[in-house]
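*Asks:* Okay, handing you the structure first.
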Amino acid sequence: MGDYLYLPQQSEEHFAAHNRNDLDFIKLNPLPSCLICFPLEEQSSRQFQDFWNWFLNEHLAETYTAYITYYFDQAYFEDNFEERNNSINQLLYSTTFTQQPSDFEYLNHQIHIWVAAHQSTITPLETEEESYQTASIFDLFLSESEHSTQTVTPEPMAQDPMQANILAALQGIQTALG
């Protein structure tokens, strides 16, 4: 596992560079936990919100950035252990804690357990511009020779989480049935 550093001095130097407007220093010394460098661009996923509430309370994390949400999503939706582990390491490396954690390997292990316990078959939805194959629910039970699919462009979905979960589950069933 990589070396994790709790460097309040690095953070202080980084934020001082922001105050000085020293863009050269900032470019050479990016700080993944910096909300100025990695602002939250959109609302985080429900899975991340649940994770962060747990992580904040159990492991004394302070704040999160777009960098952290990106690596959480990478870990959450990754099936390959090594890739998931790499994303979790990046997440941990970029987290600011209220006090120095005693064991980052333990934290890594705890995040793996949390992800496994909360992971579902739901995968990120495709963007509006992408087309995908879909079938009516009745087509799912037809034989392959009777099975017909069509390419459609999805309409923008309402921000209803239940509707998104149902759609994702149906797409997962469709994919599993071939």
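The values are calculated or read from the model by the stated rules, or taken from the named source; none is laboratory data. Note that this is a predicted model, so its numbers are computed, not measured. Here Cβ is always computed from backbone atoms with ideal geometry, including for glycine, and neighbour counts include all displayed protein chains. The protein model used for the area step is the full one, side chains on, heavy atoms only, and it has no ligands, DNA or RNA in it. Shrake-Rupley method; radii C 1.70, N 1.55, O 1.52, S 1.80 Å.
*Asks:* Calculate what fraction, in whole %, of the accessible area of the stretch 1-111 sits on carbon and sulfur atoms when a 1.4 Å probe is rolled over the protein chains. Before the final figure, lay out the partial values.
*Replies:* Working: 3070 of 6870 Å².
Within the stretch 1-111, the accessible surface is 45 percent carbon and sulfur.
*Asks:* How big, on average over all directions, is the shadow cast by the Cα convex hull of the stretch 1-94, in nm²? Kindly include the intermediate steps, with their values, before the conclusion.
*Replies:* Numbers: hull surface 26.9 nm².
Value for the stretch 1-94: 6.7 nm².
*Asks:* Which residues in the stretch 26-53 place their backbone N less than 19 Å from a point set 7 Å from the Cα of Ala16 along the Cα-to-Cβ direction?
*Replies:* 26-37
*Asks:* Taking R0 as 25 Å, what FRET efficiency do you get between Asn85 and Ser45 from their Cβ-Cβ distance, rounded to the nearest 0.05?
*Replies:* Values: r = 20 Å, r/R0 = 0.81.
Once rounded, the FRET efficiency stands at 0.80.
*Asks:* Given N residues in the stretch 41-94, what is its alpha carbon radius of gyration divided by 2.2 N^0.38 Å?
*Replies:* Numbers: Rg = 10.7 Å, N = 54, 2.2 N^0.38 = 10.0 Å.
Compactness ratio reported: 1.07.
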